[in-house]
Amino acid sequence: MARSFNLSLILFVLYLSTAAIAMARNLEEESSGDTKFIKASCEMTSYPDRCFQSLSSYASEIKKQPRKLAETALAVSIARAKSAKTYVSEMTDYKGITKRQHEAVADCVEEMGDTVDRLSNSLKELKHLEEGDSGEEFWFCLSNVRTWTSAALTDETTCLDGFGGKAMNGELKSLIRTRIVSVAEETSNALALINDFASKH
């Protein structure tokens, strides 16, 4: 009786171990597939390495959903834009800043504020789209998403234009440019992924 019980217990433990191994393997394969989906999607953007670096850690949430990928790209862009706005606003106290540089910094802070607003509107609109829908309202909403995201990209370019000319060259310009270019690349990638999502409807 005891021997029979022990055998049953051993078989049960073996069953659980096998099931756990199989489940872990399936999760690993699924995760790998999700990462490959992001990698392939990012290859269609202008900055694929940045795209994959920014989005691969969200693979388990994105899975293989083009809309979720676009939403996540927008969320990353918003976070990067908010961070850049804070950083640039702190540059108003930069040592030795000239009047013209101060004006360019103030204008850039305003442009980055607009960027955050437009990208936030894009994300809200994208989340409102009905899954599987492709009617007139769907395309109207998607048009808004594209327009706002493109406008955000223009805001970022306008910020950089404010530092044009040799007179603006120097460390201040270099520091701000690095931050804004980073945001612009994220926004450009988000727009590409939005367009990819649209192409599947």
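The values are calculated or read from the model by the stated rules, or taken from the named source; none is laboratory data. All values derive from a computational prediction rather than experimental measurement. Heads up, the Cβs are rebuilt from the backbone with ideal geometry, glycines too, and the neighbour counts pull from every protein chain shown. Areas reflect the complete protein model, heavy atoms only, side chains present, ligands, DNA and RNA absent. Shrake-Rupley method; radii C 1.70, N 1.55, O 1.52, S 1.80 Å.
Within the stretch 151-194, the residues that satisfy the criterion of being among the small types (G, A, S) and within 15 Å of the chain's Cα centre (by Cα) are A152, S182, A184, S188, A190, A192. Being of a type in the set (G, A, S) and modelled with pLDDT of 95 or more narrows it down to one of S54, S17, so name that one. Result: S54 is the single residue among S54, S17 that is of a type in the set (G, A, S) and modelled with pLDDT of 95 or more.
In the stretch 169-194, which residues are touching a residue at least 60 places away in the same chain (Cβ under 8 Å) and either in contact with a strand residue (DSSP E or B) (Cβ under 8 Å, 6 or more places away or on another chain) or exposed (fewer than 15 other Cβ atoms within 10 Å of the Cβ) (or both)? Matches in the stretch 169-194: L175 only. Just to be sure before I move on: is S199 modelled with pLDDT of 95 or more and either open to solvent by less than 70 Å² (accessible area, probe 1.4 Å) or of a type in the set (S, T, N, Q) (or both) in the structure I sent? Taking the combined requirement at face value, the residue does not satisfy it. Taking the stretch 126-149 as the range and being surrounded by fewer than 17 Cβ atoms within 10 Å (Cβ to Cβ), assigned to a helix (DSSP H, G or I) and in contact with a Lys or Arg (Cβ under 9 Å, 6 or more places away or on another chain) as the test, the residues that pass are K127, T147. Counting only helices (runs of 4 or more DSSP H) that sit wholly inside the stretch 28-125, those with at least 3 residues that are over 24 Å from N144 (Cα atoms) and over 15 Å from the mean Cα position of the chain (by Cα) are 66-89. Suppose we filter S46, S77 for residues that are closer than 21 Å to T115 by Cα and surrounded by 16 or more Cβ atoms within 10 Å (Cβ to Cβ); which single one remains? Exactly one residue qualifies, and that residue is S77. With respect to the conditions (1) under 19 Å from the mean Cα position of the chain (by Cα); (2) at pLDDT 90 or above; (3) of a type outside the set (D, E, K, R), L129 falls short on a single one, namely (2).
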